[in-house]
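Asks: Here it is: the structure, laid out below.
What follows is calculated from the coordinates using simple rules that are stated; it is not laboratory data. These numbers come from a predicted model, not from an experiment. Here the Cβ is made from the backbone with ideal geometry for all residues, glycine too, and neighbour counts use every protein chain on show.
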Amino acid sequence: MKLALLGIGTVGTGVYEMLCASPAFEVSRVLVREGKADAPYKCTDIRTITEDSEISVVAELMGGIEPAFSYLSAAIKAGKHAVTANKALVAEKGIELARLARENGVSFLFSAACGGGVPFLHNLALAAEGDEIVSLSGILNGTTNFMLDRMQRMGMDYAEALREAQQRGYAEADPSADVSGLDALRKLMLSCAVAYDKLPAEGFCREGIESFTAADVAHIQSLGLCCRLIVRGGMVGEKLYAFVEPVLFPATESECCVLENYNMAKYVGKNAGPMVFIGQGAGRYPTASAVVRDICSVGSAREMLREGCEKVSADNSVCFERYYVHLPKAFGNRFRSEQLWDEGETLRLISGKLSVQEMHAIANEIREKGGSIFFAAMGE
Ligand SMILES: NC(=O)c1ccc[n+]([C@@H]2O[C@H](COP(=O)([O-])OP(=O)(O)OC[C@H]3O[C@@H](n4cnc5c(N)ncnc54)[C@H](OP(=O)(O)O)[C@@H]3O)[C@@H](O)[C@H]2O)c1
């Protein structure tokens, strides 16, 4: 099988090495930037790839929306199977690329875009074909899991944990997409699209870990709890819910055993029951292994984004939780509390049940008024 790679950075290099090690594949072309084509197999013009009739698969490993979208569209129109690891691209343009792939009779696969090496989307797509997916959940961002683990197991504060994540290459110089929950949200968007044919493009709720402090760690540990950043998605009637937020689990729950930068992705099938996948959610070789798995599946894999998949607005008013909240005392009246710890200027409380949508709206309102707040659902 002859292939082309678009981009040869962290993941691209891993994919290139894996494919070169197998006699079944030949990487005919690698697209690089202008001025960087320092070997005969490297090219800078996408037409070198689209006009080569022997190339049957194109793997996009550049990142970003453009020119990744234009290049993949051109490859698909030229009859090439398309594989990508690019979650931002699939979240924004995936439905369009899937339609194009269908029209041209080729595959469009993106397992590596959610969970790195963890074979989650691949199996979710298979499960969604024959079973009803009751719910999706999990830890889909390794950087924040590493930081939460360091803070809770090793007593680091937020800044120390972030510094170590950056030193190890888990967090970027600008870590905002990870710590704000955006990266995990994009992976949830893709998972919902695969499971429910609905890609939540708006209406979702997203809370990261930026407000989590060493004082929260001490408090929740005194209650025997452990914090993880969790994605949740599913259907209530015709309504799709999709949100990312910190959750507190009893320290014996499986989520608390997911350490370091590992991911845990879970779906519940109506017939299959709970299915849990744990592994490396990022990094050169784990991610490359997912890309290569997709490459091996082109032509035979089930469509990941089926016909009829559409962008929808999520509705998180259908899910209800009790929340652990720390906030300035002045805003304490925004909650009906079941338990309350008065620390002078700061209150810690366990709220009564409220909808996920309402909790996130209250937090936004408090922040707009200059208050700082941390909240986490009680994982019960
Ligand atoms: N790293 C991970 O662990 C991981 C995990 C899951 C998914 N992904 C996804 O995989 C994709 C690649 O990530 P990465 O970590 O490998 O990124 P990376 O190390 O920055 O590599 C991207 C490569 O693409 C090249 N590139 C960018 N724009 C280009 C263009 N217009 N023309 C030609 N080459 C171009 C870059 O070249 P220059 O060096 O010249 O800029 C670089 O070599 C992203 O979509 C990412 O979200 C990554």
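Asks: Over the residues of the stretch 231-347, compute the C-alpha Rg and express it relative to 2.2 N^0.38 Å.
Replies: That ratio works out to 1.49.
Asks: Using Cβ contacts closer than 10 Å as the measure, can you line up F249, F331 from fewest to most?
Replies: Ordered by Cβ neighbours within 10 Å, fewest first: F331, F249.
Asks: Which residue fluctuates the most in the chain, going by a Gaussian network model with Cα springs under 10 Å, if the choices are S254, S107, S22?
Replies: Checking each option, the largest mean-square fluctuation is seen for S22.
Asks: Can I ask one more? Spelling out what I want: for every residue of the stretch 93-98, take phi, set θ = phi - 60°, compute 6.51 cos²θ - 1.76 cosθ + 1.60 (Karplus), and round to whole Hz; glycine and proline get x.
Replies: Listing the rounded values in order: 10, x, 5, 5, 5, 5 Hz.
Asks: Say R0 is 25 Å: what FRET efficiency, to the nearest 0.05, do S222 and N333 get from their beta-carbon distance?
Replies: Once rounded, the FRET efficiency stands at 0.50.
Asks: OK, next. Using a simple spin-label model with points 7 Å from Cα along the Cα→Cβ vector, what separation in nm is obtained for E132 and K353?
Replies: Result: 2.1 nm between the two label points.
Asks: Run through the DSSP bridge list for the stretch 202-328 and note the antiparallel percent, rounded to the nearest 5.
Replies: If I count the DSSP bridges inside the stretch 202-328, around 85 percent turn out antiparallel.
Asks: For a quick check: with amide H placed at 1.01 Å from N, whose amide H comes under 5 Å from G169's, ignoring anything fewer than 5 positions away on the same chain?
Replies: none
Asks: Classify the stretch 320-378: rounded, prolate or oblate, from the alpha-carbon gyration tensor (a ≥ b ≥ c, eigenvalue square roots; a/c under 1.5 rounded; otherwise prolate if a/b is larger than b/c)?
Replies: Oblate, because a/c is 1.5 or more while a/b does not exceed b/c.
Asks: Under Stokes-Einstein, with the Kirkwood radius over Cα pairs standing in for Rh, what whole-number D in µm²/s applies to the chain at 37 °C and 0.692 mPa s?
Replies: Reported coefficient: 151 µm²/s.
Asks: Right, something else. With the cut-off at 22 Å, tell me which of the pairs K93/K311; K42/K87; K87/K239; K2/K80 have Cα atoms farther apart than that.
Replies: K42/K87; K87/K239
Asks: Still on this structure: Restrict the search to the stretch 299-332; then list the GluC sites (Glu not before Pro) that DSSP places in a loop and that have at most 15 other Cβ atoms within 10 Å of their Cβ.
Replies: Answer in residue order: E307.
Asks: Order by neighbour count: T213, T84, T13, T50, fewest other Cβ atoms within 10 Å first, most last.
Replies: Taking fewest neighbouring Cβ atoms as first place, the list is T213, T13, T50, T84.
Asks: Sticking with this structure for a sec: Quick one: 3J(HN,Hα) in Hz for the stretch 119-134, Karplus 6.51/-1.76/1.60 with θ = phi - 60°, rounded, Gly and Pro as x.
Replies: x, 8, 4, 3, 6, 4, 4, 5, 5, 5, 5, x, 10, 8, 8, 6
Asks: Another one. Tell me, what HN-Hα J-couplings in whole Hz come from the Karplus equation 6.51 cos²θ - 1.76 cosθ + 1.60 at θ = phi - 60° for each residue of the stretch 321-335, using x for Gly and Pro?
Replies: So the J values, rounded to whole Hz, are 9, 9, 10, 7, 9, 10, 7, x, 3, 4, 9, x, 6, 6, 10.
Asks: I'd like to compare 337-350, 169-182: which one has the highest average count of other Cβ atoms within 10 Å, and what's the full order after that?
Replies: In descending order of packing, they fall as 169-182, 337-350.
Asks: So which residue, out of N141, N263, N333, gets the largest mean-square fluctuation from a GNM of the chain using Cα contacts under 10 Å as springs?
Replies: Top of the fluctuation ranking is N333.
Asks: With a cap of 16 neighbouring Cβ atoms within 10 Å, and only residues DSSP puts in a loop, list the trypsin sites (Lys or Arg not before Pro) found in the stretch 277-343.
Replies: Those that pass, being in a loop and sparsely packed, are R302, R306, R336.
Asks: Can you put S28, S70 in order, fewest other beta carbons within 10 Å first?
Replies: S70, S28
Asks: Follow-up question, since we're still on this one. Quick query: amide H of C43 versus all other amide H atoms, modeled in the peptide plane; which residues come in under 5 Å with a sequence gap of 5 or more or a different chain?
Replies: Under 5 Å from the amide H of C43: V30, L31, V32.
Asks: Give me the percent of Cα-Cα pairs in the stretch 52-180 that sit more than 26 Å apart, rounded to a whole number.
Replies: So the pairs more than 26 Å apart make up 38 percent of the total in the stretch 52-180.
Asks: Still on this structure, please answer the following. Amide H neighbours of L347 under 5 Å, counting only residues 5+ apart in sequence or on other chains, H built in-plane at 1.01 Å?
Replies: The answer is L327, K329.
Asks: Enter the Cα centre distance for the pair the stretch 46-71 and the stretch 207-244, rounded to the nearest angstrom.
Replies: 38 Å
Asks: For a quick check of your reading of the filter: which GluC sites (Glu not before Pro) in the stretch 3-80 sit in a DSSP loop and have no more than 12 other Cβ atoms within 10 Å?
Replies: E34, E51, E54
Asks: Taking Cβ-Cβ under 4.7 Å as the only way to count a partner, pick out the unpartnered cysteines of the chain.
Replies: C20, C43, C114, C192, C205, C227, C257, C296, C309, C319
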